[in-house]
Amino acid sequence: TTSVAAPQQSQSKTPPPAPHEDRVLPKPAGYFSDFLWLSGRWSGKVASNKADLNLMSAEAGSLAGVNIIHRETRIYSLDLLHFAQTIQGVTIYLRHFSPELQAWEKNDPIALKLVSIHQGVSQFEGSFSGQPCRWTITRKGPDAFSIHSDIHDEKGEQQVMDFSYVRVKQLAPLMKSH
């Protein structure tokens, strides 16, 4: 008698999960929706300077705007801000410009990531030119807030500023549309 070898059946194993499938992301410290109250026009002060801030919300989960700092009778700086929802949470991107629109940050904008939010106080941290930077945004009711900014410039010099803002009430249109 001759014996015939039975064909071997392949032993299929479930492949291991891909690196992105096995990863569990931590819960973000907060969400873009936590900052929708900032949408609108604000008037403020930083030291003896006047500040005008206009933030507009977009449908795509972001809040963007411009902050204009006035020193005496001229514009001192124009600051572009973007609150963006990322997979890790909310990040503020910030870039300062001279009145002639020359960027103060020579390479990348400042990026501040939300690290905590509790009872109207939001803490953001990041780095700029290898130096730490922090922002604390404190909501003071529906129509006021403050920002404590602690940023080191490109030379490593610490720049601490305190901004206070109040909401500018929108005026009714002068003419009715027909």
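The values are calculated or read from the model by the stated rules, or taken from the named source; none is laboratory data. In this text, all values refer to a predicted model and were calculated from it rather than measured experimentally. FYI the Cβ positions are ideal-geometry reconstructions off the backbone, even for glycines, and counts take in every protein chain you see. All accessible areas refer to the heavy atoms of the entire protein, side chains included, with ligands and DNA or RNA removed. Shrake-Rupley method; radii C 1.70, N 1.55, O 1.52, S 1.80 Å.
Just a few scattered comments:
- Applying the criterion of at least 3 residues that are touching a Lys or Arg at 6+ places or on another chain (Cβ under 8 Å) to the strands (runs of 3 or more DSSP E) found wholly in segment 80-178 leaves 89-97, 121-128, 144-152, 158-167.
- Within segment 97-107, none of the residues are closer than 17 Å to W37 by Cα and over 18 Å from the mean Cα position of the chain (by Cα).
- Taken over segment 112-136, the criterion of being free of Cβ contacts under 8 Å to residues at least 24 places away in the same chain, over 16 Å from P28 (Cα atoms) and open to solvent by less than 50 Å² (accessible area, probe 1.4 Å) is satisfied by G120, C133, T136.
- Test: residue in segment 66-75 that is of a type in the set (S, T, Y), assigned to a strand (DSSP E or B) and surrounded by fewer than 19 Cβ atoms within 10 Å (Cβ to Cβ): no
- Test: residue in segment 83-106 that is in contact (Cβ under 8 Å) with a residue 40 or more places away in the chain, among the β-branched types (V, I, T) and open to solvent by 70 Å² or more (accessible area, probe 1.4 Å): yes
- Hey, G156 small (G, A, S) and without any contact (Cβ under 8 Å) to a residue 24 or more places away in the chain or not: no
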